[in-house]
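The values are calculated or read from the model by the stated rules, or taken from the named source; none is laboratory data. Predicted model only: the values in this text are computed from it and were never measured. With ideal geometry, Cβ positions are generated from the backbone for all residues, glycine too; neighbour counts draw on all protein chains shown. Accessible surface is based on the protein model in full, side chains and every heavy atom, while ligands, DNA and RNA are left aside. Shrake-Rupley method; radii C 1.70, N 1.55, O 1.52, S 1.80 Å.
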Amino acid sequence: MSSRPKAFGNLMAEVIRPKLCVGCGGCSAVCPLNSIEMAGSTPRLVSLCISCGMCYNNCPRTSFDKETLEERAFGAKGGESEIGFYRGLYAVRALDERIRERCQDGGAVTALLAHRLSEGCVAVVAGLKSNGVWEPQPMVVSTLEELLEAAGTKYTPSPTLVGVASAVKEYMAEHVAVVGTPCQVTALRRLQLGDHSEAKFSKALDLIVGLFCMETFDYGRLMEFLKSKGVEPKDVHKFDIKRGRFLAYGADGENLLRVKLREMEELVRECCHHCADFTSELADISVGNVGSPDGWSTVIVRSDRGEEALRGAEKEGLIEVKPLDEVEPGLEAVVKLARFKRERAKA
Ligand SMILES: Cc1cc2nc3c(=O)[nH]c(=O)nc-3n(C[C@H](O)[C@H](O)[C@H](O)COP(=O)(O)OP(=O)(O)OC[C@H]3O[C@@H](n4cnc5c(N)ncnc54)[C@H](O)[C@@H]3O)c2cc1C
Ligand code: SF4
Ligand code: SF4
Ligand code: SF4
């Protein structure tokens, strides 16, 4: 007798209530009846459930065989490597001044996505809600201006997969490039190549750009914290994390806040304490700042598609590329944080 698939009720019991849900929106994206809506970062069942199991079986926080996904995505396993499987390590910087002015670090992400736009893709990025202050939301974009608008790091979560669903189902996009944090990347890979993948997404996903990520803050708690420090969120132009400090800058580059990350532990979302992936190990290409000098991005190329995107952007004159071993501090700094995150998740 075949057993009934695990459904939304099981997600509630095993992932959402125990605070393991990362708010990626994968369950909402994949539900064939559109019965799951995201209330901020929390999925809610708002209509009929036929217990098809798609939401449960594509969630990045239910069990899956990571090695199978690596084999399917890269033709190889990550093995013992703290940063997963990779075929190339680089320091990258955008050459377009407009990207350099707007981006978080070296602008590699915006430049890679700009290259995919010029090849006919749409991109899914994390923009900001127009009626909320610093509140991220997924956006489907098709021009460089829109990419620039969404550049820069938001340290609170965005339900990226809801944006991918919108690109595929509403915009009818056939080629979608997407950027996300490691947990979102895991959800994207399950949807694309997992045992319960969804054909619409498998076909449309063109490039998965993963970010490095140590943690995200709860949106409400971060806003309260800023106010408690005398910082009006609407005055902040850019947030950053550098050398163990959380920083906020105003429109003219003036420093509005500089606090030790240790002071902000209570703001970190519970799900992040259980997360072992620092470098988006299942992405086609991963990008972060640690490992490279200020103004450059560290780039880990993993798949053929990642390699093609890097070389395509270079050929288009969008980026400058150096081997990572030609810059300081290089790979060891990335490995150190990746190792730390894995150990933290075990504790
Ligand atoms: C929550 C978070 C934590 C991070 N922690 C680290 C870290 O500890 N160490 C490290 O080296 N790097 C970390 N990064 C990555 C780093 O902040 C930069 O995003 C990365 O270096 C790329 O820089 P860039 O100039 O190429 O990006 P840009 O060209 O500015 O593009 C950034 C892209 O990321 C998208 N984005 C921004 N915020 C989010 C989000 N919350 N969810 C999904 N997409 C988003 C934007 O829409 C934009 O398209 C983190 C990123 C995030 C989002
Ligand atoms: S119908 Fe399927 S995907 Fe939708 S909530 Fe139920 S089990 Fe989940
Ligand atoms: S798919 Fe994402 S949003 Fe849905 S329950 Fe799992 S982690 Fe949460
Ligand atoms: S630490 Fe993990 S769970 Fe938290 S936002 Fe980053 S990738 Fe997602």
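Details
- From phi via Karplus (6.51, -1.76, 1.60), per-residue ³J(HN,Hα) for the stretch 269-284 in Hz, x at Gly/Pro: 5, 4, 4, 5, 5, 9, 9, 9, 9, 8, 10, 6, 5, 9, 6, 6
- Ser118-Glu174 FRET efficiency (beta carbon distance; Förster radius 25 Å; 0.05 resolution): 0.95
- For the stretch 219-267, the Rg and Dmax computed from alpha carbons only, in angstrom: 10.2, 30
- Positive-end extreme of charge dipole, the chain - chosen from Asn131, Pro5, Val162 (charges on Cβ): Pro5
- Carbon plus sulfur fraction of accessible area for the chain, probe 1.4 Å, in percent: 48 percent
- Label separation (Glu146 vs Arg98): 1.4 nm, computed from points 7 Å beyond Cα along the C-beta direction.
- To the nearest 10, the accessible area of Phe8 is 10 Å² with a 1.4 Å probe.
- Amide H to amide H, with H built 1.01 Å from N, Lys238 comes under 5 Å of Tyr249, counting only residues 5 or more places away or on other chains.
- Heavy-atom accessible area, probed at 1.4 angstrom with all protein chains present, ranks Leu188, Leu33 as Leu33, Leu188, highest first.
- Cβ-Cβ FRET estimate between Ala347 and Lys242, R0 fixed at 22 Å, reported to 0.05: 0.30
- Rounded to whole Hz, the Karplus (6.51, -1.76, 1.60) HN-Hα couplings of the stretch 307-324, x for glycine and proline: 4, 4, 5, 5, 5, x, 5, 5, 5, 6, x, 8, 9, 10, 10, 10, x, 4
- Full-extension gain in nm, Ser51 to Ala13, via 0.36 nm per residue minus C-alpha separation: 12.2 nm
- Between Leu207 and Val176, Ala177, Val178, the built amide H atoms are under 5 Å apart, and every one of these is 5 or more places off in sequence or on another chain.
- Rounded accessible area per residue of the stretch 8-58, 1.4 Å, Å²: 44 Å²
- Accessible surface, 1.4 Å probe, highest first, among residues His237, His115, His273: His237, His273, His115
- Accessible surface ranking that places the most exposed of Lys346, Lys322 first, with a 1.4 angstrom probe: Lys346, Lys322
- Per-residue SASA remark: Arg339, around 100 Å² accessible (1.4 Å probe; ligands, DNA and RNA not included).
- Among the listed pairs Lys154/Lys336; Lys242/Lys315; Lys200/Lys336; Lys77/Lys129; Lys129/Lys242; Lys19/Lys227, those with a Cα-Cα distance over 28 Å are Lys242/Lys315; Lys200/Lys336; Lys77/Lys129.
- With DNA, RNA and ligands ignored, accessible area of Lys234 (1.4 Å probe; Å², nearest 10): 140 Å²
- Compared with the alpha-carbon gap, the fully stretched path from Glu80 to Ser63 is longer by 4.2 nm at 0.36 nm per residue.
- Probe 1.4 Å, protein heavy atoms only - accessible area per residue of the stretch 128-280 in square angstrom: 45 Å²
- Additional length obtainable on full extension of the chain from Val259 to Lys203, 0.36 nm per residue less Cα span: 15.7 nm
- Alpha-carbon Rg with Dmax, taken over the chain, Å: 19.1, 67
- Per-bin percent of Cα-Cα distances, the stretch 220-347 [10 Å]: 11, 31, 33, 23, 3
- From phi via Karplus (6.51, -1.76, 1.60), per-residue ³J(HN,Hα) for the stretch 157-169 in Hz, x at Gly/Pro: x, 10, x, 3, 6, 5, x, 5, 4, 5, 4, 7, 8
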